[in-house]
Amino acid sequence: MAHWIEASPRGVYVRPADAWIDPSVPVDRALVTHGHADHARGGHSQVWATPETLAIMALRYGTEVGTSVAYGETISLGGVDATWVPAGHVLGSAQILLEHAGERIVVTGDYKRRADPTCAPFEPIPCDIFITEATFGLPVFRHPPIEQEIDKLLGALHASPDRCVLVGAYALGKAQRVIAEVRARGHHDPIYIHGAMERMCDLYRDFGIDLGELHSATAASADQLRGKIVVSPPSALNDRWSRRLPDPITAMASGWMRVRQRARQKNVELPLVISDHADWDELTATIREVAPSETWVTHGREEGLVHWCETHQMKARALALVGYEDEDEG
Amino acid sequence: MRAFSQLLDGLVYTRSRNAKLALIAAYMREAPDPDCGWALAALTGDLNIPAVKASAIRAIVEERVDPVLFAMSRDYVGDLAETVSLLWPKRIDQPAEIDDGSLTLSAVIDRLMKLGRAEAPGVLGEMLDHLDSSGRFALLKLATGGLRVGISARLAKTGFAQAFGIDVDQVEEVWHALSAPYGELFAWGQGGEKPDPRGTPFFRPFMLAHPLEDGEVDLADYAAEWKWDGIRVQIVGTGEQVRLYSRAGDDITATFPDVADACAGIHAVLDGELLVQGEAQGTAEHGGAAASFNALQQRLGRKTVSAKMLSEYPAFVRLYDILLDGDEDLRELGWSDRRTRLEAFATRLDPSRFDVSAVIDAADFAALGDIRLGSRDAAIEGVMLKRRDSPYVAGRRTGLWYKWKRDPLTVDCVMMYAQRGHGKRSSFYSDYTLGCWTGDPAAGGELLPVAKAYSGFTDEELKWLDSFVRNHTLNRFGPVREVEKTLVMEIAFDSVHDSRRHKSGVAMRFPRIARIRRDKPAEEADLIETLRAMIS
Ligand SMILES: [Zn+2]
C-alpha cells in the first residue's frame, strides 16, 4: 500500500510531489503542519503552510516566505492533492491530507482534541493511512479538564496575595492558551509576560485572539507583580531572570506534569497538567474514529500506541522519526 | 482520604521547610481524630501495614490493564505506586479524577491492617475505584509502606508540635512510649496532660556522631574510645521488664535473649554496642576483643534463636553511656559524670555479657592519630571522640561527638547491573551491582558481583551514570538492566569479609562509589583475589 509515500528519519517524503512533510533538514519543497520549531525548520527553498504558520515562521526566521494555504484549501503537487485541515494543536496548526492514486493519507503533525480558544478544533478525516504523533502514547497520560487546572492556578494566586505565580509555558501556543483560559475563568487582571513571548502574543492578537491586558514582566517592579500571574518560557523558571520576582510560586503548564518526578526534577511547586497534545484516550479514540487500515506513528511513545493498535487488530508501525520531541513543549 | 492525599502532594511539591511545616501543622489541626494520628504515623514512618506486596498490586493492575502497556508505563514513570495511580481504570461509573469521599484515612488503614494476603488484591482494587489519582497514590504508598515524600520523621513531629504550640523535644521524649494513632499525644496538644510513660519500657533517641573531617580536637576537652563494628543498642529496664532497641528504635529483645536475660531486673537505660564474643576485632589491649560484624550478622534479623546460634555466636554489649539510673535522668549531666555513673552501675552486671568501652589513653591528638593508625592491624574501625562536658542529646549535634574512622580501603570494580533508585531518584538508574575478575580476563577470567553501591556520586555524575546505563543496556530483567561490562568504578569500603551468601565469597561493608574511572579499561579492574587479601 502507498508506494508513493515513505518515512525516513528526516521526515515523511511524498515521492510524486518531491516534497517533505515537516522535514528536519533544509529541503527543496516542504509542507509544514505547524509553527513549532521542531516541525517548521528554516532554510527550505519552498514552503506550503497555513497563513498563521507562515506568519510564525516569518517571525522566527525573518523574511522567509512561502505559499499560504487556508484550512480546507487543496493544492496539487505532482499529482498529489494536499489539503490543510485543523489539528487543534496551536494557532494555524494543521493535519495534511494527501490524496493520490485513490488513496488517502493523513499526517497529523501534533494535535489535540480538547477545546482551545486560541485555535480551530481538530477535524477527524477518515483515511487509509493515518500518520499520527504519540507524545503521550502511554495510558498514564490522561489530561484532566483544563478548568480544573486553571482553578488550581487561580486558587494559588488568591491564597498568596504577596507572591506571584510564575507559569512556565511554551512561548508558542501554550502561553497564549493558558492566558485565554485564565480570561475565560473570569480573571481580568493584567498578566505579565516574559520578553521572549511578547512578539508571539502580538501575532496571536493580530489573528484576532483576545488575550486581555498584557504587560512586560521585565519592565515591572516586584511590587507591581505581587498577586499577579507572570508567564515565561519554561527555560526561564529557574533562571536568573526569575530571581527578581516577588517570591514566585513556580508553576508549569505541561502534560509531563502528570508525573510527579518530572515536576520535581524541574523544581515545580504547582504542576499544571495542561497539554496541547492528545492524551492516551484521545489518541486511541481518534484512531478508532478515523478507522485507517494502517497507522504509522511518527514520534513520542510510539511503542505504546503501536502495541495498542496491534492488540486491537489494527495494523501499525513506528517510524522513529528524529528531532520531533521538544521536552518543554508537551 | 482527599485531605491526606492533598497533604502528600503538597509535601512533594513544596520546597521550603517552613512551608512544609505549615502544611503538616494545618493538617494536624484540621483533620478529624483519628485521621490526624494515622497521618502522623505515616509521615514519621511508624505505620506498618503488612499485607500488601508489590506483586499483589501488579496482579490487580494486570487484570484491568494490558500487561505490556503497564510494563512500558512502569518503565517510563519509574515508581510502581505512581504508575498505578496514573493509569488505574475505574470500574465504577465515575470520572478518574474524582475522589468520591467515601473513604476516610482511618477507615482505609483500619481495613488494610486487618487484611489477609489472599483478600488484599480485591479490597485494594475496590478502594482504588473510589479515589482520584492523588488518592490512589497515597493509598498504594500506605499499603506498601514508605511514603517517601521527602520529609523526615523529625520534620513531621515538628509539624505536629507547631500545630499545638508544644516543644518538639518534649514530643520526642515521649514519642516511643506511644503508638499510632497517638490519641494521648493529640489530647495533650488540645490542652490535656502530657503523657507519662514511666513504668513502661520505651526507646529514647540515640546520640549520634559526626564524622571528623579534617579538624583536630584537644584531648583535654574530648575523651577517645574505640569505634566497634557491631550495632548500637539501647537497653531499657524498668525493674520489671527489659527491652533492647536498635538504632532505629526497633525492639530486638527477642533476637538477643542471651543479653536480655543477663540484665533482667535492671532499672536503667544504657547505650552500647552489641557484639559477638570472639577475636576478630580488638585485643585485650583495646579493652577486650570481639568477633567480626559478619559473626554478628548471623544473629541479626531472627525472630527466634536456636540454642546452637546462642552458643556459636554468643552476644555481649560493650557499654558506652547511661541515660537513666533508676528514675533519675542523667542526660543533662556531662559525659565525664555519666561515665562515672556508668562504671559504678556496670559493676552490678554480668561481666561475661557486659563490659564498659575502654577510654584510650593518649597524650595528645597526634599521639591518638598514631594509635588510630596502629589499630588497623587489630581490625578496629577507628575511634570516637566525645566532648567531656556534653550532655546526652538526641541526634547529631555539631561539636559534641565525632567518629574518626580509619581511611577506607578501595578497589576498582566494573559495573554489571543497574537498577532504578527510590524516591527522588526513581527515574534514575542509581543502584549498581559491581564486579571483580575471577582471574585475568585475557585468560578467561570472569566478573562476579562483589558489591552493590548507590551512593558517593554527585547529581551530575548520577545523570551521567543514568545515561550510561540507558545507552549500554544488554538485557532487561524486570527493573534490572544488565549493562555492557565496560565502566570501571573505584569503590571505597570500610572492610571486607568472607561470605557464603555471595558467589564471589566476599562481602564488603559500606561500599560506596569513590570515583568513576572512565579512563580505565575494564580488563584492568581488580581481581577478587586482591579483595580477599584485604579481608580483616
Ligand atoms: Zn507542536
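The values are calculated or read from the model by the stated rules, or taken from the named source; none is laboratory data. Predicted model, so just to flag it, every value in this text is computed and none were measured. Cβ sites come from the backbone with ideal geometry, for glycine too, and all protein chains shown count toward neighbours. Just so you know, the surface numbers come from the protein's heavy atoms only, side chains and all, with ligands and any DNA or RNA stripped out. Shrake-Rupley method; radii C 1.70, N 1.55, O 1.52, S 1.80 Å.
At a glance:
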item	result
Residue within segment B:102-120 that is under 21 Å from B:Leu11 (Cα atoms), open to solvent by 40 Å² or more (accessible area, probe 1.4 Å) and in contact (Cβ under 8 Å) with a residue 40 or more places away in the chain present	yes
Of the criteria (1) assigned by TED's automatic domain parsing to the domain that holds B:Tyr245; (2) in a loop (DSSP other than H, G, I, E, B), which one B:Ala224 fails	(2)
From A:Leu270, A:Leu245, residue being touching a Lys or Arg at 6+ places or on another chain (Cβ under 8 Å) and on the phi < 0 side of the Ramachandran plot	A:Leu270
Number of the condition not met by A:Ala219 [criteria: (1) open to solvent by 20 Å² or more (accessible area, probe 1.4 Å); (2) within 14 Å of chain B (Cβ to nearest Cβ); (3) more than 20 Å from the chain's Cα centre (by Cα)]	(2)
Inter-residue pairs, beta-carbon under 8 Å, first more than 23 Å from B:Pro314 (Cβ to Cβ) and in segment B:340-356, second assigned to a loop (DSSP other than H, G, I, E, B) and not β-branched (Val, Ile, Thr), 6+ apart	B:Arg341/B:Leu330; B:Arg341/B:Leu333
Residues of segment B:304-323 that turn out to be out of contact with any Ser or Thr (no Cβ under 7 Å at 6 or more places or on another chain) and among the basic types (Lys, Arg), as a count	1
Members of segment B:64-78 found to be more than 7 Å from every other protein chain (Cβ to nearest Cβ), open to solvent by 10 Å² or more (accessible area, probe 1.4 Å) and touching a residue at least 12 places away in the same chain (Cβ under 8 Å), listed by number	B:Arg64
Within segment B:18-41, tally of residues that are in a helix (DSSP H, G or I), away from chain A (no Cβ under 14 Å) and open to solvent by 10 Å² or more (accessible area, probe 1.4 Å)	5
Whichever residue in segment A:283-304 is within 14 Å of another protein chain (Cβ to nearest Cβ) and closer than 21 Å to A:Ala94 by Cβ and, among such residues, is modelled with the lowest pLDDT	A:Gly300
Selection status of B:Leu7, aliphatic (A, V, I, L, M), farther than 30 Å from B:Val168 by Cβ and surrounded by 18 or more Cβ atoms within 10 Å (Cβ to Cβ)	no
Considering residues of segment A:21-41 that are in a loop (DSSP other than H, G, I, E, B) and more than 16 Å from the ligand (Cβ to nearest atom) only, the residue surrounded by the most Cβ atoms within 10 Å (Cβ to Cβ)	A:Val27
Unmet requirement for A:Ser160, which otherwise passes all of (1) surrounded by 19 or more Cβ atoms within 10 Å (Cβ to Cβ); (2) within 12 Å of chain B (Cβ to nearest Cβ); (3) farther than 23 Å from B:Ser85 by Cα	(1)
Residues (at pLDDT 95 or above, open to solvent by less than 20 Å² (accessible area, probe 1.4 Å) and either in a strand (DSSP E or B) or within 14 Å of B:Tyr222 (Cβ to Cβ) (or both)) located in segment B:373-412	B:Leu385, B:Lys386, B:Ser390, B:Trp401
Residues located in segment B:281-299, provided they are open to solvent by less than 50 Å² (accessible area, probe 1.4 Å) and within 21 Å of the chain's Cα centre (by Cα)	B:Ser292, B:Phe293, B:Asn294, B:Ala295, B:Leu296, B:Arg299
Residues satisfying the stated conditions in segment B:234-280, i.e. at pLDDT below 90 and open to solvent by less than 40 Å² (accessible area, probe 1.4 Å)	B:Gly249
Residue that is surrounded by the most Cβ atoms within 10 Å (Cβ to Cβ) [pool: residues in segment A:227-240 that are outside any helix (DSSP H, G or I) and free of Cβ contacts under 8 Å to residues at least 40 places away in the same chain]	A:Asn238
Every pair of residues 6+ apart whose Cβ atoms lie under 7 Å, when the first sits in segment B:281-292 and is more than 17 Å from B:Ser352 (Cβ to Cβ) while the second is hydroxyl-bearing (Ser, Thr, Tyr) and open to solvent by less than 30 Å² (accessible area, probe 1.4 Å)	B:Gln281/B:Ser292
Residue match in segment A:42-63 (condition: part of a strand (DSSP E or B) and either in the same structural domain as A:Ala180 (by TED's automatic domain parsing) or within 15 Å of the ligand (Cβ to nearest atom) (or both))	yes
Residue within segment A:241-248 that is surrounded by 22 or more Cβ atoms within 10 Å (Cβ to Cβ) and within 16 Å of the ligand (Cβ to nearest atom) present	no
Residues being crowded, with 19+ Cβ neighbours inside 10 Å and either in a helix (DSSP H, G or I) or away from chain B (no Cβ under 14 Å) (or both) - total across segment A:308-318	2
Test: residue in segment B:43-57 that is outside any loop (DSSP other than H, G, I, E, B) and within 14 Å of chain A (Cβ to nearest Cβ)	no
Residue in segment A:96-104 that is in a loop (DSSP other than H, G, I, E, B) and either hydrophobic (A, V, I, L, M, F, W, C) or more than 17 Å from A:His299 (Cβ to Cβ) (or both) present	yes
In segment B:340-364, the residues that are touching a Phe, Trp or Tyr at 6+ places or on another chain (Cβ under 9 Å) and in a helix (DSSP H, G or I)	B:Leu342, B:Ala346
Members of segment A:107-146 found to be among the polar types (S, T, N, Q), away from every other protein chain (no Cβ under 14 Å) and assigned to a loop (DSSP other than H, G, I, E, B), listed by number	A:Thr108, A:Thr118
Positions within segment B:384-412 being of a type in the set (A, V, I, L, M, F, W, C) and in contact with an Asp or Glu (Cβ under 7 Å, 6 or more places away or on another chain), in sequence order	B:Met384, B:Ala394, B:Val411
Yes/no for A:Ala17 being surrounded by 22 or more Cβ atoms within 10 Å (Cβ to Cβ) and within 23 Å of A:Ile146 (Cβ to Cβ)	no
Odd one out for A:Ile96, checked against (1) within 15 Å of the ligand (Cβ to nearest atom); (2) open to solvent by less than 30 Å² (accessible area, probe 1.4 Å); (3) touching a His at 6+ places or on another chain (Cβ under 9 Å)	(3)
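The rows are residues; the columns are (1) closer than 16 Å to B:Leu8 by Cβ; (2) in a helix (DSSP H, G or I); (3) within 14 Å of chain A (Cβ to nearest Cβ).
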site: B:Pro95; (1), (2), (3): no, no, yes
site: B:Arg111; (1), (2), (3): no, yes, no
site: B:Leu115; (1), (2), (3): no, no, no
site: B:Ala118; (1), (2), (3): no, no, no
site: B:Gly122; (1), (2), (3): no, yes, no
site: B:His130; (1), (2), (3): no, no, no
site: B:Ser134; (1), (2), (3): yes, yes, yes
